[in-house]
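Have a look at the structure below before the remarks.
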Amino acid sequence: MKLRKLLPLMVMFSLSVSTSFAAQFIDVTSDTYNQIWSVGQSYKTDRKLENPVNYGVELRSGAGGAAVLVTPGTITKYIAYSKDERLIFPGEAFKSAVVNSNDYVYIATYAMHLKNPLAGTVAQQIPSQRLLIEKDGKYIMPEQMNSVIYDAMPHSYAIVYYAFPKNVVLNAPYTIKFINGNGDKIEIPITTEKIADIIDKENNLVFKSN
């Protein structure tokens, strides 16, 4: 009897483990591109249009050094609803670039849009200088974002895009380290639990409708 009770629990555990490891960022194929684009076309954001949280999952907030994780899926949706207001006219070259970039995701650092209510001025926004991933005592250096995608993306908020292979970003634990515009070193620890949360938020961001 004990064995019979134990087996279903073992099966449930194995299903739970396999399901958690199966969690993944949205892959953008020709079909899913059109689905995501359709969702994006009818989407309206309640934030400033080029605010990075519109197209990325927040990794860190704060004036000292904010960062988001951007994926092909979040890019596709964002461009679909922002293109006209941002005077962007993506064609087949953009679609092809996104579909062929599923192996990469992007850690994007940016400066918060901070106003001085007394002076009526905006704090200077300075881009980050360097960023890397440290894992097991070794440094993993970023690559460049595809130029077609880069040209379509926002460049306000002193944003800087750092491309990493998707399998590197999924392989937690590790620490994201970067030097912000003021010369301060910022560290963002990424755990397996954090990655699971990021994936969940990315999936939701891609397919969320108004």
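Laboratory data are not the source of any read-out in this text; all were calculated from the coordinates shown. Because the structure is predicted, anything quoted here is derived from the model rather than measured. So basically every Cβ, Gly included, is an ideal-geometry build from the backbone, and we count neighbours across all protein chains shown.
Checking the cross-link pairs K48/K135; K95/K185; K44/K185; K95/K135; K48/K95; K177/K201 against a 29 Å limit on the alpha carbon distance flags K48/K135; K95/K185; K44/K185; K95/K135 as lying beyond it.
Remark on V105: its backbone amide H falls under 5 Å from those of F164, K166, a criterion applied only to residues 5 or more positions apart or on other chains, H modelled at 1.01 Å from N. The ranking of Y104, Y157 by Cβ neighbour count inside 10 Å, starting from the fewest, reads Y157, Y104. Scanning residues 5 or more positions from R130 or on other chains, those with amide H under 5 Å from its amide H are I179, with H placed 1.01 Å from N in the peptide plane.
Among 169-175, 124-130, sorting by the average number of other beta carbon atoms lying within 10 angstrom of each residue, highest first, gives 169-175, 124-130. Take the Cα of E193, step 7 Å toward its Cβ, do the same at K83, and the gap between the two points is 4.1 nm.
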